[in-house]
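Asker: Shown below is the structure under consideration.
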Amino acid sequence: MNSQSSSFQPRELEFFWKISESVVSGRYLKEILHLIVTMTAEIMGSKICSILLLDEKKQELSIEATQAMSQEYVKKPNLKMGEGVSGRAVKERRPIVVPDITQDKQYRFPDIAKKEKVVSLLCVPMMIGDRVIGVINVYTTERRVFGDAEVKLLRAVANQAAVVIENTKLREEALEARKVAETRKVLNRAKAVMAKAMHLSEDEAHRLLLRSSRNSRKPLREVAEAVLLAFSGGAKSFPGK
């Protein structure tokens, strides 16, 4: 990549378009993150690209996506806020360039870096307004002094990745909430039908559904739907009894 360029190249614009398209298509977060790290590694000319997300309760960063094949890299321990290069980038809310991570005292995993033959690191925080949600890292096999244009490009990727992550999480949470509400509705209908047909209280019907779900190792909603289907067909007793 030409570090002197001040504007995005066609390939880079295509990258941002593909990220936007992946969100609109309704892909899951893991799939979108993998797309981001794979394409970022390609356009940045880096061996390893990774996204670490911040657990706000634990104040820890953990690897959520990378195209690296190394299991040692993937299974690296989490970093605390302010710990290591990534933790410092989150704490200070700014990009950090490390020309040689094997010589940098703050870098936590020099042995892995040597084994993977990576030298330079560019680490950029992912922001939603003033809130940091994680970092995106790129590692190169050659010593590189990342130029302003490269930092600008990775910041643009980080900003878009942050929006994508936030929006996808909200969408997945909304879908999960809808599933929970639908399951509750089916469960309540099944309990009411069973209570009436079998002369049970709704609490007794509920316990019977739970026991059946546990014994059959089937989801509670699936058991409740089977109950509704059975009783709608004129069953006089609980299915399977």
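The values are calculated or read from the model by the stated rules, or taken from the named source; none is laboratory data. Owing to the predicted nature of the structure, the values given are computational and were not obtained by experimental measurement. Using ideal geometry, Cβ is built from the backbone for each residue, glycine included, and neighbour counts are taken over all protein chains shown.
Asker: Which of the residues belonging to region 135-152 are of a type in the set (Phe, Trp, Tyr) and assigned to a strand (DSSP E or B)?
Answerer: As a first pass, look at region 135-152 and keep what is of a type in the set (Phe, Trp, Tyr): 139, 146.
139 - this is the single residue of region 135-152 that is of a type in the set (Phe, Trp, Tyr) and assigned to a strand (DSSP E or B).
Asker: Right, next: Pick from region 119-158 the residues that are surrounded by fewer than 19 Cβ atoms within 10 Å (Cβ to Cβ) and touching a Pro at 6+ places or on another chain (Cβ under 7 Å): which of them is modelled with the lowest pLDDT?
Answerer: 145
Asker: Quick one: which of 62, 46 is modelled with pLDDT of 90 or more, part of a loop (DSSP other than H, G, I, E, B) and either farther than 15 Å from residue 157 by Cβ or in the same structural domain as residue 143 (by TED's automatic domain parsing) (or both)?
Answerer: One residue alone meets the criteria, 46.
Asker: Could you check region 164-180 and list, in sequence order, the residues that are surrounded by fewer than 16 Cβ atoms within 10 Å (Cβ to Cβ) and among the hydrophobic types (A, V, I, L, M, F, W, C)?
Answerer: 170, 174, 175, 177, 180
Asker: While we're here: Do you know which residues across region 86-115 are touching an Asp or Glu at 6+ places or on another chain (Cβ under 8 Å) and closer than 22 Å to residue 34 by Cα?
Answerer: Answer for region 86-115, where residues must be touching an Asp or Glu at 6+ places or on another chain (Cβ under 8 Å) and closer than 22 Å to residue 34 by Cα: just 112.
Asker: Within region 49-65, track down each residue that is crowded, with 22+ Cβ neighbours inside 10 Å and either closer than 19 Å to residue 151 by Cα or more than 16 Å from the chain's Cα centre (by Cα) (or both).
Answerer: 49, 50, 51, 52
Asker: Considering only region 174-214, state which residues are over 30 Å from residue 29 (Cβ atoms) and hydrophobic (A, V, I, L, M, F, W, C). Steps first, please.
Answerer: Of region 174-214, the ones over 30 Å from residue 29 (Cβ atoms) are 188-212, 214.
Across region 174-214, the qualifying residues are 190, 192, 193, 194, 195, 197, 198, 200, 205, 208, 209, 210.
Asker: Follow-up question, since we're still on this one. Starting from region 185-211, keep only residues that are on the phi > 0 side of the Ramachandran plot, then list their pairs with residues that are outside any helix (DSSP H, G or I) and at pLDDT below 90 whose Cβ atoms are within a distance under 8 Å, requiring at least 6 positions of separation or different chains.
Answerer: none
Asker: Just to check your reading of the model, which residue among 118, 132 is assigned to a loop (DSSP other than H, G, I, E, B), assigned by TED's automatic domain parsing to the domain that holds residue 167 and in contact (Cβ under 8 Å) with a residue 60 or more places away in the chain? Steps first, answer last, please.
Answerer: Working: 132 fails: assigned to a loop (DSSP other than H, G, I, E, B).
After applying the criteria, what remains is 118.
Asker: Going residue by residue through region 146-167, is there one that turns out to be among the basic types (Lys, Arg), over 30 Å from residue 17 (Cβ atoms) and assigned by TED's automatic domain parsing to the domain that holds residue 33?
Answerer: No: zero hits.
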